[in-house]
Amino acid sequence: MDLRQLKYFVRIVELESITAAAETLHIAQPSLSQHVANLEKELETPLLVRGPGGVRATEAGKLLYRHAKVMLRQAEEAKSAIKHGRDTPSGHVKVGLPTSTSRILALPLIEAVASRYPEVVLEVVEGSSSDLATAVSMHRLDLSVAMDARPQPARMTVTPLLTEELFLVGPPLGLDAVTLRQMSTMPLVLPSFPNSIRVLAARAFAEEDLSLRLVVETSAVSVLLTLVREGKGWTVLPSSALVGPEARSENIVATRIASPEFRRRVSVCMSVSTEKSVACTHVHQALIDVAAGLVADGRWTGVQWQGERPLPGRQPNRPLTRP
């Protein structure tokens, strides 16, 4: 078993296809299949289950995948440390951001990492919060921001960042706050399941025995804002999503929702396979620092800081404010 074989195996597991892996690795498919066969022979156990839809890792294959990710990263960082004469953050770090959060966090995070750690290549992946947390727990992402995530000691750690308020977004209502009963009469365009906003909204309305007037569902924030701007209905979003050209309209106003259910806990999830990675731990801290800076200078509003370290120049917990 060598690092090249492990690299090949990891790529197959992540793409769930020997053919696709062979194409991205620029290696002939029969040769790649032989590498897998050699691994299975050496470890005396099947690592992949082959089927018409592709391949999946067996339980032994999943275990090897987790260890292979750690070994490949350590080898990469060892080369960098020898090159620089010290442990220097370097290599590839894959970070997941929910679609709404990425609108406010992605660019500052990319700029911070590029400035602090020029040897790190940052890959930012957008997706639903639940999918991102699952990807971290399965070691397919190194880090992610996720909503209402729970720690999984054997798979990932969860570091609280802040509590975020959700608002009814649409044409102005002339109200300080809108009730769920009032919202039940309004046409709504909402994110699709399993988006955390949709889950919260469905739960809140069900507890009040109210129905949603759902007219459109999509998890693309830009599409939600375009629909709202064009008068197709109201949506529910955090203030962090109200950036960019789609949010600049007199039809896009954030109104507080008079329900404690419309809050979500924002945390940073980190795969246990990356806890000892120099690059990942530094990016993890950079993400926290960037989020704290956005809250402290008032760019990320409608939130209450929950991080371990107080905000610079502020009280540890900042009151919820309107965007």
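Treating r as the C-beta distance of ARG56 and GLU208 and R0 as 35 Å, the FRET efficiency rounds to 0.25. Taking amide H as placed 1.01 Å from N in the peptide plane, the amide H of GLU126 sits under 5 Å from that of LEU97, each at least 5 places away or on another chain. Averaged per residue, the chain has 48 square angstrom of accessible surface, using a 1.4 angstrom probe with ligands and nucleic acids left out.
Total lysine pairs in the chain at Cα distances under 18 Å, for residues eight or more apart or on different chains: 11.
Charging the Cβ of each Asp and Glu at -1 and of each Lys and Arg at +1, and nothing else, the dipole of the chain about its Cα centre rounds to 240 debye.
Take every DSSP beta bridge whose two residues both sit in the range 164-263; close to 55 percent of them are antiparallel.
Placing pseudo-labels 7 Å out from each Cα toward the beta carbon at GLU16 and GLU308 gives an inter-label distance of 3.5 nm. For THR179, nonlocal amide neighbours, meaning residues 5 or more places apart or on other chains whose placed amide H falls under 5 Å from its own, are ALA258.
Relative to the longest principal axis of the Cα atoms of the chain, the long axis of helix 59-84 lies at roughly 90 degrees. Using a probe radius of 1.4 angstrom, the carbon and sulfur fraction of the accessible surface of the chain is 52%.
For the pair GLU44 and ALA78 in one chain, pulling the backbone fully straight at 0.36 nm per residue adds 9.3 nm over the alpha carbon distance.
Taking a ≥ b ≥ c as the square roots of the eigenvalues of the alpha-carbon gyration tensor, the range 87-144 is classed oblate because a/c is 1.5 or more while a/b is no larger than b/c.
Please state the shape class of the range 1-109: rounded when a/c is under 1.5, otherwise prolate if a/b exceeds b/c and oblate if not, all from the C-alpha gyration tensor. Oblate, since a/c reaches 1.5 and b/c is not below a/b. Under 5 Å from the amide H of THR218 lie the amide H atoms of LEU190, SER192, each residue being 5 or more positions distant or on a separate chain, with H modelled from the backbone and absent for Pro and chain starts. DSSP finds beta bridges in the chain, and of those with both partners inside it, around 65 percent are antiparallel. Backbone geometry of the range 203-220 corresponds, through the Karplus equation with coefficients 6.51, -1.76 and 1.60 at θ = phi - 60°, to 3J(HN,Hα) couplings of 5, 5, 5, 5, 5, 8, 6, 10, 9, 8, 8, 7, 10, 8, 9, 7, 8, 7 Hz, x marking Gly and Pro. Ranked by solvent-accessible area (1.4 Å probe, protein heavy atoms only, all chains present), the residues ASP209, ASP131 order from largest to smallest as ASP209, ASP131.
Taking LEU311, LEU141, LEU287 in turn, the Gaussian network model of the chain (Cα-Cα springs below 10 Å) assigns the largest fluctuation to LEU311.
When the square roots of the Cα gyration tensor eigenvalues are ordered a ≥ b ≥ c, the ratio a/c for the chain is 1.5 or more and a/b exceeds b/c, which makes its shape prolate. Rounded to the nearest 10 degrees, the inclination of helix 3-15 to the longest alpha-carbon principal axis of the chain is 40 degrees.
The values are calculated or read from the model by the stated rules, or taken from the named source; none is laboratory data. Just so it is clear, the model here is predicted, and its values are computed rather than measured. We place every Cβ from the backbone using ideal geometry, glycine too, and count neighbours over all the protein chains shown. Just so you know, the surface numbers come from the protein's heavy atoms only, side chains and all, with ligands and any DNA or RNA stripped out. Shrake-Rupley method; radii C 1.70, N 1.55, O 1.52, S 1.80 Å.
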